[in-house]
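Colleague: Mind looking over this structure? Questions follow.
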There are 2 protein chains.
Amino acid sequence: MSSDRTRSAILAAAERLYADRGFGDVTLRDIVAEANVNLAAVNYHFGSKDELIAELFVTRSLATNRERLNELKAAEEKGGGRAPIEAILHALVGPTLRGCLGPDREGSTAARFMIRASIESVPPIRRIKNREVDHLRKFIAAMRRAMPGRDDADLYWGLHFALAMSHHTIREKERLAKLSEGQCDLNDVDAIVERVVSVSVMALTGGEAPTKKAPGKVAASHGRLTRQDL
Amino acid sequence: MSSDRTRSAILAAAERLYADRGFGDVTLRDIVAEANVNLAAVNYHFGSKDELIAELFVTRSLATNRERLNELKAAEEKGGGRAPIEAILHALVGPTLRGCLGPDREGSTAARFMIRASIESVPPIRRIKNREVDHLRKFIAAMRRAMPGRDDADLYWGLHFALAMSHHTIREKERLAKLSEGQCDLNDVDAIVERVVSVSVMALTGGEAPTKKAPGKVAASHGRLTRQDL
DNA sequence: TTGCAATTCAAACACTTGTATGAAACTATC
DNA sequence: GATAGTTTCATACAAGTGTTTGAATTGCAA
């Protein structure tokens, strides 16, 4: 039970290559060349290519999830078991945005890798992402505590939109930069986080009465919310 | 110059297969089998696999863009050259959401194909998407007319978030359905469009003074906007 | 019909992919 | 220092990929 130097070299090389060139056109041979390691070492240490990818992604996303939950827990403890909705959403989108848009920190290969993972959606990663629902439910629960009486569907939509904005910003940051000709500052991550949180909060509170179930007004059918636009 | 029956059979089969199983694991042999056509026919009629994919995507996205611009033009004419921001955003996200979430309409293979294209991001499609910036600029221009004096960066962010919410809803509709255990009605497309538009409008107007450049308050640095959250 | 171009077809090509094999090299324990 | 277990290595394998080829077939005009 020695040399996991090969193992780590493979992990590092794979993450770097995937981050730079995507999953689509990086082969095992590319990886072992970058890692100065024999081709068979991948299957020896990881079993298969997919398991290598899975291990990379699991490691990184566990770290992100831990960070999210820590931030959430801190916010809820500070508020005596009930965090303000801004803090909850901040805990949700902050770690991801900081991780993927932030400055280099350890070369940022991890960040660029996670961006790729968010763009390309290769089978082993998709499988893992599908287990992420439980994690999100914890945030739904916190949101329910923060906004009691609010229709559950609205909470789901709010969380969904918050993730939408942060993920899409990560996925399409080059395009946004190009479209806006640099007028959108994508380096000021904190400002982006605030912007996403701010809009998400408005999505959750702006459209109707700030708390408690709004009395009737629009009929039942299926739990649709009442809105006042258009 | 006859038989483009083979040609169309290939297009139809390819779209159906890509829609169902994604670009990743559909081979030319799958396509020609589904189309009852010889393998060489693809290269004969399209030149290469990538050109086949490109033709499929170009056709569909031109149709969407045309629909968007028609809706925008109609709204601007109705308002004498200046459409309300709600209408502009409606024209932006409506066609895509209706196309990808709407009921079956011609079997909805086109819709499911566009969802795949939005998820998988294969090279030929990426190339085409990168030329979409000009199209989006037309919406930025319309938004500028609707909200004169508003900081350009805010407009870009607003458009970006609108696209974020609609695309993410398309990409992750199964996940949202699963997470919300059916409490989010993903069949009522009009309601979704309204929701997305409503939040986008709030993103553009809610955070600060409704029109004109907000006076100072927070310092200059680089055109960051002033917000009042957290 | 004849002739010619467009189309179809079966077959093979050239290449890349992830994976498996079995021997060699190494490492640590006794 | 021999031995057993782990790790590395060169090499081969089997399968699948998009693409090409050149001969058959078709369809249409002269």
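Colleague: With a 10 Å cut-off between alpha carbons and a GNM built on chain B, which of B:Glu76, B:Glu181, B:Glu34 moves the most?
Modeller: Comparing B:Glu76, B:Glu181, B:Glu34 in the GNM, the peak value goes to B:Glu181.
Colleague: A further question on this structure: Can you work out the Karplus-derived ³J(HN,Hα) for every residue in the stretch B:56-73? Use 6.51 cos²θ - 1.76 cosθ + 1.60 with θ = phi - 60°, whole Hz, and x for glycine or proline.
Modeller: 4, 6, 4, 4, 5, 7, 4, 4, 4, 4, 4, 4, 4, 5, 4, 5, 5, 4
Colleague: Taking the Cα centre of chain B as the origin and placing charges on Cβ (Lys, Arg +1; Asp, Glu -1), which of B:Leu11, B:Ala91, B:Phe57 is farthest toward the positive end of the dipole?
Modeller: B:Ala91
Colleague: Shortest first and in nm with one decimal, please list how far the B:Gly102 label point sits from its counterparts in the other copies (point 7 Å along Cα→Cβ).
Modeller: 4.4
Colleague: Mind sorting B:Met143, A:Met147 by how few other Cβ atoms lie within 10 Å of their own Cβ, fewest first?
Modeller: Ranking B:Met143, A:Met147 by Cβ neighbours within 10 Å, fewest first, gives A:Met147, B:Met143.
Colleague: Moving on. For A:Lys73, go through the aspartates and glutamates and keep the ones whose alpha-carbon is under 14 Å away, minus same-chain ones fewer than eight residues off.
Modeller: A:Glu86
Colleague: Now, a different point. Say each of B:Ser8 and B:Asp134 gets a label point 7 Å from the Cα, pointing the same way as Cα to Cβ; how far apart are those two points in nm?
Modeller: Distance between label points: 3.0 nm.
Colleague: Residue by residue, what Karplus-based ³J(HN,Hα) values in Hz, rounded to whole numbers, does the stretch B:37-54 have, using 6.51, -1.76 and 1.60 with θ = phi - 60° and x for Gly and Pro?
Modeller: For the stretch B:37-54, the Karplus-derived couplings read 9, 6, 4, 5, 4, 4, 5, 5, 8, 10, x, 7, 4, 4, 5, 5, 4, 4 Hz, x marking Gly and Pro.
Colleague: Quick one: order B:Ser48, B:Ser198, A:Ser121 by neighbouring beta-carbon count within 10 Å, fewest to most. Before the final figure, lay out the partial values.
Modeller: Values: B:Ser48 12, B:Ser198 21, A:Ser121 17.
Listed from fewest to most nearby Cβ atoms, that is B:Ser48, A:Ser121, B:Ser198.
Colleague: Taking the number of other C-beta atoms within 10 Å as the exposure measure, put B:Glu55, B:Glu77 in order starting with the fewest.
Modeller: The most exposed by this proxy come first: B:Glu77, B:Glu55.
Colleague: If the reach is capped at under 16 angstrom between alpha carbons, list the aspartates and glutamates near A:Lys129, excluding any in the same chain fewer than eight residues apart.
Modeller: A:Asp50, A:Glu51, A:Glu55, A:Glu120, B:Glu120, B:Glu172, B:Glu174
Colleague: Measuring from the lowest to the highest alpha carbon on each principal axis, how far does the stretch B:7-47 reach, largest first, in angstroms?
Modeller: Reported extents, whole Å, longest axis first: 24, 16, 16.
Colleague: I'd like to know which of B:Asn36, B:Phe23, B:Gly47 lies farthest towards the positive end of the charge dipole of the stretch B:7-47, counting +1 on Cβ of Lys and Arg and -1 on Cβ of Asp and Glu.
Modeller: It is B:Gly47, whose Cα lies furthest towards the positive end.
Colleague: How long are the three semi-axes of the equivalent ellipsoid of the protein assembly as shown, in whole Å, if each is the root of 5 times an eigenvalue of the C-alpha gyration tensor, listed from largest down? Could you put the intermediate results ahead of the total?
Modeller: On the way: eigenvalues 259, 193, 96 Å².
After scaling each eigenvalue by five and taking roots: 36, 31, 22 Å.
Colleague: Using alpha carbons only, how many angstrom separate the centre of the stretch A:13-88 from the centre of the stretch B:124-185?
Modeller: Here the answer is 27 Å between Cα centres.
Colleague: List the aspartates and glutamates whose Cα lies under 14 Å from the Cα of B:Lys138, skipping any in the same chain that are fewer than 8 positions away.
Modeller: Within reach: B:Glu67, B:Glu71, B:Glu76, B:Asp152.
Colleague: Continuing with the same structure: Using R₀ = 41 Å, calculate the FRET efficiency as 1/(1 + (r/R₀)^6) where r is the Cβ-Cβ separation of A:Glu181 and B:Lys78; round to 0.05.
Modeller: With a Förster radius of 41 Å, E is 0.85.
Colleague: Based only on the alpha carbon positions, what is the Kirkwood hydrodynamic radius of chain A, in angstrom?
Modeller: 19.8
Colleague: Count charges around B:Ala203 for me, please; just the other residues with Cβ under 9 Å from its Cβ, Lys/Arg as +1, Asp/Glu as -1.
Modeller: Residues near B:Ala203 contribute 0 overall.
Colleague: Another question about this same structure. Using R₀ = 25 Å, calculate the FRET efficiency as 1/(1 + (r/R₀)^6) where r is the Cβ-Cβ separation of B:Arg145 and B:Glu67; round to 0.05.
Modeller: Efficiency computed from Cβ-Cβ geometry: 0.75.
Colleague: Something else about it: Excluding B:Ala75 itself, calculate the net charge of residues whose Cβ lies under 12 Å from the Cβ of B:Ala75, where each Lys or Arg counts +1 and each Asp or Glu counts -1.
Modeller: +1
Colleague: Follow-up. Could you estimate the translational diffusion coefficient of the stretch B:1-117 from the Stokes-Einstein equation, with Rh from the Kirkwood formula over C-alpha pairs, at 37 °C and 0.692 mPa s, in whole µm²/s?
Modeller: The Stokes-Einstein estimate is 208 µm²/s.
Colleague: Placing a label point 7 Å from Cα toward Cβ, how far apart in nm is B:Glu34 from its equivalents in the other copies, listed shortest first to one decimal?
Modeller: Going from nearest to farthest copy, the values are 3.2 nm.
Colleague: Take peptide A:19-29, look around each residue's Cβ out to 10 angstrom, count Cβ atoms belonging to other protein chains, and average those counts.
Modeller: The shielding value for this peptide is 1.
Colleague: Still on this model: Which distances, in nm and shortest first, link the A:His135 label point to the same label point in every other copy, taking 7 Å along Cα→Cβ?
Modeller: Reported distances to equivalent positions: 3.3 nm.
No value in this document is a laboratory result; all are computed from the given coordinates. Here the structure is a predicted model, which is why all the values come from computation and not from measurement. Cβ: placed from backbone, ideal geometry, glycine included. Neighbour counts: every protein chain shown.
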